[in-house]
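Take this structure, written in structure tokens, and hold onto it; I'll ask about it next.
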Amino acid sequence: MRLLVRFFGFLFAAGTVVFLVGVAAVAGLIWHFSKDLPEYSQLQDYEPPVMTRVHATDGSLLGEYAKERRLYLPIQAVPKLVINAFLAAEDKNFYEHGGIDYSGMARAGLVYAQNFGSNRRPQGASTITQQVAKNFLLTNEVSFTRKIKEALLAMRIERTYSKDKILELYLNEIYLGLGAYGIAAASLVYFDKSVNELTVAEASYLAALPKAPAALHPVRNRDRAIERRNYVIDRLLENGWIKQADADKARKDQLIVTNRANGAHVFAGEYFAEEVRRDIFERYGEKKLYEGGLSVRTTLDPKIQVMARKTMVAGLVNYDEQQGWRGPISKLDISGDWGVKLADVKSLSDISPWRMAVVLETSDQSARIGFQPSRELGGAVSRERQTGIITLDGVKWARAAAGSTRGKAATAVSQVLSPGDVIYADPLFKDGNPIEGQYRLRQLPEVSGAMVAMDPWTGRVLAMVGGFSFDQSQFNRATQAYRQPGSSFKPVVYSSALDNGYTPSTVVVDAPIEIDQGQGGGVWRPENFSSGKYQGPTTLRNALRLSLNTVTVRLAQDIGMPLISEYAKRFGVYDELPNYLSYALGAGETTVMRMVTAYSMFANGGRRVKPTLIDRIQDRYGHTIFKHDARECRGCDSPGGWKSQQEPQLIDRREQVLDTMTAYQITSMLEGVVQGGTATVVKEVGKPIAGKTGTTNEAKDAWFVGFSPDLVVGIYLGYDKPRPLGRGNAATGGHLAAPVARDFLKLALADKPAVPFKVPAGIKLIRVDSKSGMRAGPGDTGRTVLEAFKPGTAPPDNYSVIGVADADSNRTLLPPGQGQGPDAGSIMRPGTGSLY
């Protein structure tokens, strides 16, 4: 008995020693691994990389920019269904344990023992808290050391943060495949839905992804993905978080993921969105752009943008088709499965409804074509093959661009197309409706151009088209292409004259002029577009209306190029303008954006306009860090709400770059250009429109810039490598650019009232003879115009003609009509100039 007692005493003592040694060993291990644990308190101030989102004026999404696609969602905004789905899949006891699931660890240890030596990856037993510790503070190394550190950190995190905070960090940090981080981004990427719209099946699929997002790809590994999704559904049912009927329905649901539409594609706003991206990058840098979670409200009006894109593309295509058919994009061997071969040909993704196709067979009356098949989410070519017919009506425009048959219309489809030709086609219309199954041949235009539409009062860019296709060329011709504006620059010259003593009825001689350029530069002889035809003495209004070059040169000589250069700089057309007279005719290079900005100052009464594509930028917390509208609003922040006080006042401190009355005079003259000048095609809009065409030397660019009281639009057409657009009137701004503006303004102003341009205080409207510029008599009703005059100026009662030399005053009085003809008034005058 004594021996037995001594034996048990020995066992107890030995056990106590072993226990103490074990405790000491565990304490030592904890102390050892705790020494270099990361500082977990940083989780409190954690700011994950969040993508920047760009929105149009109506709030619709225009673009997203991120290295990690993530939207941070507070736990309060996450639906209970989504939370339960992730808990069922990852950690059903999350709200009960203290950071470590001991039963799970025991289970993982048993599996590890069973698989020892098999090189299989050990089964994890990490709780959501442990995953937060690993994702935020540790690496993905597979080792016992990392697991011990992970467990220690998890316990400390649990003691420091609430369960909801830990779950919030987890749901926003996890990678869920397809570049999506966090549940908010994944919900958009996979299903194009917010988390509040997810079904049981969809939430269960997202909850299945954290373990192995690549292995559960919804297309490549569809069966495995559905199996894992259904497992999560079963766990939801088992835990009592959904009903049996909901589980049954969810299991039967198809796993359908949505290729999320790009907002810029939807609104044809790729050029606009890219310009915004560059702006943000220049303001805040790369990190803020791709990780700062900025919310950017842009000025883009989706409806106007679609109109701009539609009309600009139509203008480019119409011109290009008139030049003839240049042939297919390439040739393809159509034996076997032509769809797979065609899918490998690079096509443009932003020119819908155009689609790439290959010609399968041809006859005199038609050609059968096969359309490029789409690709599934995993990259595989779709098995569906779509075909259509191109009839003779669909190729009638395709005259040969070169060779012996150049310019001749096709009499058979087989003359234009042959099997294997890779082409573009879009639906064929008749009476405004598409003909089912029939298509029209298309070709990518060689000519390009740009369009900008702007609010003249604020500088907000409402629409921008930087070329035919952003997918084809990301070069934004609206802001990056410097082209000669031609005669569209003349209003700047005329405004400088009107600001310095001239009136719209001042008479200037239109006759040949020669400029001695000096130092071997030869003689410069600027001519009007219709060479050999001159008007003789003519008013400034008529000179601008008919775009007379010799009048503009004489005007520039008289007021001086330094003054014109100053006005060009004020308007932002040029940064510096050389003192060459040819620059008065638009020989310098500028952009569509700059020209539209300048014309906005005519439209708004001469106020400085700073163009902007961005209304407001907010940081990730909703604080406004940029606002374009810098006007002061007095009374807007009145405390206590509305108490019948005076209405708030907007204080506009923008610079007055042009006299208000001068701005109206130029507007009135430009309205005359539309009513009876080089831009009469725009008159079809049926609303008050003012504008000016421009055609550069050798017709390499065709321009129109014009405006209504509340909308400015600028357009140019030209080849990227400048070359003549044609000859004669067919290649002018009035023939090429103005019709595009007409079509755009018809759509943009369709529901707007015909509001006339506002006449500023002080302007006197006096009826004058449109030819002589003199005050009209009581009986004059034929050729009179209501002209705008500033106070103190009156219609002249004689002819003050600029441009015909006089020995004493350098001016001569001539009656109308005298001096006409190719040699009338020709003089040699010293001055500067360059060939144009």
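Residues with amide H under 5 Å of S469's amide H, sequence separation 5 or more or different chain, H placed in the peptide plane at 1.01 Å from N; which?
Close amide H contacts, sequence-distant or interchain: none at all.
Quick one: net charge of E376's neighbours, Cβ under 11 Å, K/R +1, D/E -1?
The answer is +3.
Just to confirm my numbers, what's the Cα centroid distance between segment 656-701 and segment 304-319 in Å?
Cα centres, segment 656-701 to segment 304-319: 21 Å.
A further question follows. Need the full-extension length gain, R727 to K746, defined as separation in residues times 0.36 nm minus the C-alpha distance. One decimal, nm.
My answer for the length gained is 4.0 nm.
Rounded to the nearest 10 Å², what accessible area does L392 show when all protein chains are kept and the probe is 1.4 Å?
Result for L392: roughly 40 Å² accessible.
So for the pair N239, D558, with labels modelled 7 Å out along Cα→Cβ, what separation do we get in nm?
It is 8.6 nm.
Heavy atoms only, 1.4 Å probe, whole protein assembly: order Y482, Y716, Y284 by accessible area, highest first.
Numbers: Y482 110, Y716 0, Y284 75 Å².
Per-residue accessible area, sorted high to low, gives Y482, Y284, Y716.
Could you tally the net charge around M307, taking each other residue with its Cβ under 10 Å from the Cβ of M307, Lys/Arg +1 and Asp/Glu -1?
Charge balance in the 10 Å sphere: +2.
When the solvent-accessible surface of protein heavy atoms is calculated with a 1.4 angstrom probe, in what order do R727, R385, R375 fall, highest first?
Largest accessible area first, the residues go R727, R375, R385.
At what distance in nm do the modelled label points of A214 and E576 sit from each other, each positioned 7 Å from its Cα along Cα→Cβ?
Taking the two extended label points, one gets 5.6 nm.
Further question on the same structure: Distance check, please: which entries in K408/K683; K92/K211; K430/K700; K569/K610; K134/K288 exceed 23 angstrom between their Cα atoms?
K408/K683; K430/K700; K134/K288
Let me ask you something else. At 1.4 Å probe size, with no ligands or nucleic acids counted, give the accessible surface of I435 in Å², nearest ten.
Accessible surface of I435 is approximately 50 Å².
Given the peptides 574-585, 69-80, arrange them by the average over their residues of other C-beta atoms within 10 Å, most packed first. Before the final figure, lay out each step's value.
Values: 574-585: 19.8, 69-80: 16.8.
My ranking of the peptides, most packed first, is 574-585, 69-80.
Same structure again: What FRET efficiency, computed as 1/(1 + (r/R0)^6) with R0 = 41 Å and r the Cβ-Cβ distance, is obtained for R620 and L765, rounded to the nearest 0.05? Spell out each step's value before the answer.
Numbers: r = 55 Å, r/R0 = 1.35.
Computed FRET efficiency for R620 and L765 comes out at 0.15.
Here is a follow-up. Once amide H atoms are built 1.01 Å from N in the peptide plane, which residues 5 or more positions from G63, or in another chain, come under 5 Å H to H?
The list, which skips near neighbours in sequence, is V54.
Pop a pseudo-label 7 angstrom from the Cα along the beta-carbon direction at both D337 and R783 and give the gap in nm to one decimal.
Computed distance between label sites D337 and R783 equals 7.5 nm.
May I ask you to order 341-352, 645-656, 675-686 by the average number of other C-beta atoms within 10 Å around their residues, highest value first?
Those peptides, ordered most packed to least, come out 675-686, 341-352, 645-656.
Can I ask one more? In nm, what is the difference between 0.36 nm times the number of residues separating D393 and N259 and their Cα-Cα distance? Please list the in-between numbers first.
Details: separation 134, 0.36 × 134 = 48.24 nm, distance 3.52 nm.
Stretched fully, the D393-N259 segment lengthens by 44.7 nm.
Let me ask something else about it. Over what distance in Å are the Cα centres of segment 403-470 and segment 239-273 separated?
First find each Cα centre; the distance between them is then 34 Å.
I'd like the FRET efficiency for R159 and N93, computed as 1/(1 + (r/R0)^6) with the beta carbon distance as r and R0 of 22 Å, rounded to 0.05.
On the way: r = 18 Å, r/R0 = 0.80.
Efficiency at R0 = 22 Å is approximately 0.80.
So for F86, F470, F281, what's the accessible-area order with a 1.4 Å probe, most first?
Most to least solvent-accessible, the answer reads F281, F470, F86.
Continuing with this model, one more query. For segment 358-400 and segment 716-730, write down the distance between their C-alpha centroids in whole Å.
32 Å
Calculate, for T680 and D629, the FRET efficiency according to 1/(1 + (r/R0)^6) with r their C-beta to C-beta distance and R0 41 Å; round to the nearest 0.05.
After rounding, the FRET efficiency stands at 0.65.
Let me ask something additional. Relative to the present Cα-Cα distance, how much length would full extension add between K533 and R383 at 0.36 nm per residue of separation?
Here the segment from K533 to R383 would lengthen by 47.4 nm.
Okay, next question. Quick one: net charge of T680's neighbours, Cβ under 12 Å, K/R +1, D/E -1? Mind dumping the intermediate values first?
Details: positive: R545, K683, R742; negative: E671, E684.
Overall, the nearby charge balance is +1.
Any chance you could look up the accessible area of R634 with a 1.4 Å probe, heavy atoms only, rounded to 10 Å²?
120 Å²
Okay, next question. Quick one: grab Rg to one decimal and Dmax as a whole number for segment 538-656, Cα atoms only, in Å.
21.0, 64
Using θ = phi - 60° and the Karplus form 6.51 cos²θ - 1.76 cosθ + 1.60, what ³J(HN,Hα) does each residue of segment 547-557 get, whole Hz, x for Gly and Pro?
So the J values, rounded to whole Hz, are 6, 7, 5, 5, 5, 4, 5, 5, 5, 5, 4.
The values are calculated or read from the model by the stated rules, or taken from the named source; none is laboratory data. All of these numbers come straight from a predicted model, not from anything done at the bench. Here the Cβ is made from the backbone with ideal geometry for all residues, glycine too, and neighbour counts use every protein chain on show. Calculation scope for accessible area: heavy atoms of the full protein, side chains included, ligands and nucleic acids excluded. Shrake-Rupley method; radii C 1.70, N 1.55, O 1.52, S 1.80 Å.
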